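Written below as structure tokens is the structure these notes are about.
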Amino acid sequence: MKVNVTNIYGMAPTSVAQRAQNEFFESVKSLGAHELSIYNYPVKSDTQDMLRSRIDGINSSVQFNDIVIFQLPTWIGLEFERAYLNQLRIYNVKVVLFIQDVVPLMFKQNYDDWMKPYIEFYNQADLIILPNLKMEERLRKEGLTVKKVIYQEIWDRLMDYQPKVSKFKRELIFIGNQERFPFTKNWQYKTQLRLYARVKLADQTQKNIIYKGFLADDELIRQLDSGFGLCWSVNTPTQAEKEYSKLNASYKLSTYLAAGVPVIVNQEMPISQFIVDHGLGWAVSSLDDANSLVQNILESEYNEVAKRVNRYGEWLRKGFQSKKIYIDVIASLLDE
């Protein structure tokens, strides 16, 4: 028996979804995981015979009674994911669905048509990995029946870079484009916002914002050396960003922590209590509160938090969270 992990390729170099899956596999490769590479492509161009042949090629190294950790979504579509799971069953494998995002919950326009089919698909798993308890509770309400569940909780952020302890600065940092996070378009707070975004929009009303543009990951991490990393979302007409942030695991959060930067998070995020309990940052209910916190905090308090974040970041930089998940999966499936 061996453990196989799917891993997506062929998306944009800036794709967080691809980077996250790639880093999960890279973290567990040293524990014996075998890669099943899935290249992003337009599945509708395949006939059924072509699709079966493509999937047979992906699974050429899979053996009977293996474990397969299927990272989801593939962003190819549910049609492909269903077909892939069906062909996996030929090998009598144990199927683990690592559900990193739930597409019908991300995009409002997909919910009515896709929620039920996705739940039916998830229910075919022997075990699922979910971001947290909140996501499990939501999917249970939608009809999820899988008994074995492991929680991811937080993303790793692999890097060789060893950051210094973050420096005190009354400044908030945010990573994300302004169309998806429109609260950055009318920033009026006393606290300066340092924004890492690909495009600077023309219709701006903010007064205290510094644009840093889009940076490659290595360069970005080295610039995150001071201030407070902000994790915040608001709903948009097409995406329930704020509601979804109450269910998922934030890759942005892990980027801040791995770089050694103390964080300020929305108190409704599932990880918020962990952040507070472990002294890695603060949880607030509004951007007004975030601004007030930054303006009034003592430098000595910030420095103590920054030291803890720097130490905790090593857990994420070395991929230990992914390794823990991987070991928990094997232990759970062998204990039957």
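The values are calculated or read from the model by the stated rules, or taken from the named source; none is laboratory data. Not measured: the values here are computed from a predicted model. Every residue, glycine among them, receives a Cβ derived from its backbone with ideal geometry; neighbour counts consider all protein chains shown. Accessible surface is based on the protein model in full, side chains and every heavy atom, while ligands, DNA and RNA are left aside. Shrake-Rupley method; radii C 1.70, N 1.55, O 1.52, S 1.80 Å.
Worth pointing out:
- Selected residue (criterion: farthest from PRO270 (Cα to Cα)) from residues of the stretch 87-101 that are open to solvent by 30 Å² or more (accessible area, probe 1.4 Å) and in a loop (DSSP other than H, G, I, E, B): ASN92
- Taking (1) assigned to a helix (DSSP H, G or I); (2) closer than 23 Å to PHE174 by Cβ in turn, LYS246 satisfies each apart from (1).
- Applying a threshold of 6 Å to beta carbon distances and a minimum spacing of six or more residues, or different chains, the list of pairs starting in the stretch 244-272 at a residue that is at positive phi and ending at one that is open to solvent by 20 Å² or more (accessible area, probe 1.4 Å) reads GLY260/ASN310.
- Just one of the listed residues (SER254, SER233) is among the polar types (S, T, N, Q), at pLDDT 90 or above, within 25 Å of VAL305 (Cα to Cα) and open to solvent by 10 Å² or more (accessible area, probe 1.4 Å), namely SER233.
- Top-ranked residue in the stretch 5-59 [being in contact with a strand residue (DSSP E or B) (Cβ under 9 Å, 6 or more places away or on another chain) and small (Gly, Ala, Ser); ranked as farthest from GLY319 (Cα to Cα)]: GLY10
- Filter pass, VAL276 being touching an Asp or Glu at 6+ places or on another chain (Cβ under 7 Å), surrounded by fewer than 21 Cβ atoms within 10 Å (Cβ to Cβ) and either part of a helix (DSSP H, G or I) or not basic (Lys, Arg) (or both): no
- Of the residues making up the stretch 327-336, those that are free of Cβ contacts under 8 Å to residues at least 12 places away in the same chain and either in contact with a Leu (Cβ under 9 Å, 6 or more places away or on another chain) or open to solvent by 90 Å² or more (accessible area, probe 1.4 Å) (or both) are LEU334, ASP335, GLU336.
- Per the conditions (1) touching a strand residue (DSSP E or B) at 6+ places or on another chain (Cβ under 6 Å); (2) open to solvent by 30 Å² or more (accessible area, probe 1.4 Å), the sole criterion not satisfied by LYS324 is (1).
- Matching option when the condition is touching a Leu at 6+ places or on another chain (Cβ under 6 Å) and open to solvent by less than 20 Å² (accessible area, probe 1.4 Å), among PHE25, PHE70: PHE70
- Taken over the stretch 293-319, the criterion of being under 22 Å from ILE129 (Cα atoms) and either assigned to a loop (DSSP other than H, G, I, E, B) or open to solvent by 90 Å² or more (accessible area, probe 1.4 Å) (or both) is satisfied by TRP315, LYS318, GLY319.
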